[in-house]
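Taken together, the values in this text are just the output of simple stated rules run on the coordinates, not laboratory data. Note that the coordinates shown come from a computational prediction; the quantities given were computed from them, not determined experimentally. Quick reminder, even Gly has a Cβ in these numbers, built from the backbone with ideal geometry, and neighbours come from all protein chains shown.
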């Protein structure tokens with residue numbers, strides 16, 4: 001039997017009195033930007049990360065040197081590192097993140113391998129240290145908190161996040177966007193998980209529909225601090241949840257700055273519905289819009305760029321955001337949100 005269900009919640013955090021008019025969101029069409037690199041030679045640039053003047057980007061299809069490190073001040077590539085394979089320091093299922101202290105972490109989702117790469121900007125040389133960590137087969141994202149706790153995003157578990165303290169037993173925490181026991185949570189609840197070590201908060205956003213949540217982090221636990229939970233129409237069929245075809249997709253990418261949570265997604269009011277791709281990896285169908293929220297998830301503005309964008313990351317120390325843009329080739333740009 002098909003059961004039609006609706007997840008009804010406020011679009012923005014907090015209560016609203018009836019009759020309150022929605023404030024018109026500012027839309028910015030003349031945003032300035034600078035080019036960090038126009039030498040992104042990749043069939044598909046993957047995730048991006050920024051820390052201490054170095055921008056890291058993932059070359060998804062490269063078996064050798066799949067992480068590239070660019071010094072943003074000089075715009076030069078410092079080095080590349082990381083190898084796919086079955087060797088002692090090679091990766092089968094790389095899970096990418098920043099070390100809250102310093103450096104770039106690659107963990108393997110299929111074995112107990114963790115490698116910390118520290119890039120020396122002056123010389124472009126690398127310090128590499130490998131160790132074992134507790135890998136989880138059900139995790140699709142992984143990161144360290146500033147206090148040393150580990151957080152795994154597990155979309156098919158009883159709760160979305162497995163939190164493992166530096167000392168002690170781990171446990172599942174957090175809340176899924178939809179409170180239904182379903183068999184296809186692994187597909188439905190995948191998304192981005194990004195950490196701001198300065199504010200000590202992490203933000204989760206879903207790919208399948210426009211859901212976001214901000215969590216404050218503490219020793220051995222996390223606590224939801226804000227949630228963006230729009231109404232979503234769906235059906236339940238034989239234990240699987242299927243979103244209505246007309247539902248809007250969630251954010252493609254997520255970046256955190258000092259004051260803002262920034263998402264890359266389509267502004268349907270301006271860009272219209274997403275066209276059907278003409279071929280695999282058709283970049284012309286990518287969104288042009290950056291949605292800028294505060295950390296209470298109030299939408300402050302929408303920035304429309306003149307070209308499609310693919311990836312996003314932020315600087316936790318400032319309000320700078322970095323994006324992989326398509327103009328018409330891949331390039332990395334920097335946008336100041338001040």
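If you wrap a convex hull around the Cα atoms of the stretch 188-338, how much volume per residue is inside, in Å³? The partial results should precede the final answer.
Working: hull volume 20.4 nm³, N = 151.
Dividing the Cα hull volume of the stretch 188-338 by its residue count gives 135 Å³.
Set the Förster distance to 25 Å, then compute FRET efficiency between residue 273 and residue 24 from the Cβ-Cβ distance, nearest 0.05.
0.70
Please give the length that would be gained between residue 307 and residue 336 if that part of the chain were fully extended, namely 0.36 nm times their separation in residues minus their C-alpha to C-alpha distance (nm, one decimal). Could you put the intermediate results ahead of the total?
Details: separation 29, 0.36 × 29 = 10.44 nm, distance 1.71 nm.
Working it through step by step, the gained length comes to 8.7 nm.
Quick check on the exposure proxy: order 68, 279, 58, 304 from fewest to most C-beta atoms within 10 angstrom.
On the way: 68 25, 279 6, 58 20, 304 16.
Placing the least packed residue first, the sequence is 279, 304, 58, 68.
Using the number of other C-beta atoms within 10 angstrom as an exposure proxy, rank 215, 293 with the fewest first.
Numbers: 215 26, 293 21.
Fewest-to-most ranking of 215, 293: 293, 215.
I'm spelling it out carefully: the read-out is Cα extents along the principal axes in Å, the candidates are [x] 102, 51, 44; [y] 61, 50, 39; [z] 84, 39, 36, and one was derived from this structure. Which label?
[y]
Using 0.36 nm times the number of residues separating residue 238 and residue 172, minus their current alpha carbon distance, what extension gain do you get? Walk me through the numbers on the way to the answer.
Working: separation 66, 0.36 × 66 = 23.76 nm, distance 2.57 nm.
Gain on extension, residue 238 to residue 172, equals 21.2 nm.
Would you mind calculating the relative contact order of the chain from Cα pairs under 8 angstrom and at least 6 residues apart, reporting the percent as a whole number? Provide the component values of the computation, followed by the final result.
On the way: 800 pairs, mean separation 59.2, N = 338.
Computed value for the chain: 18 percent relative contact order.
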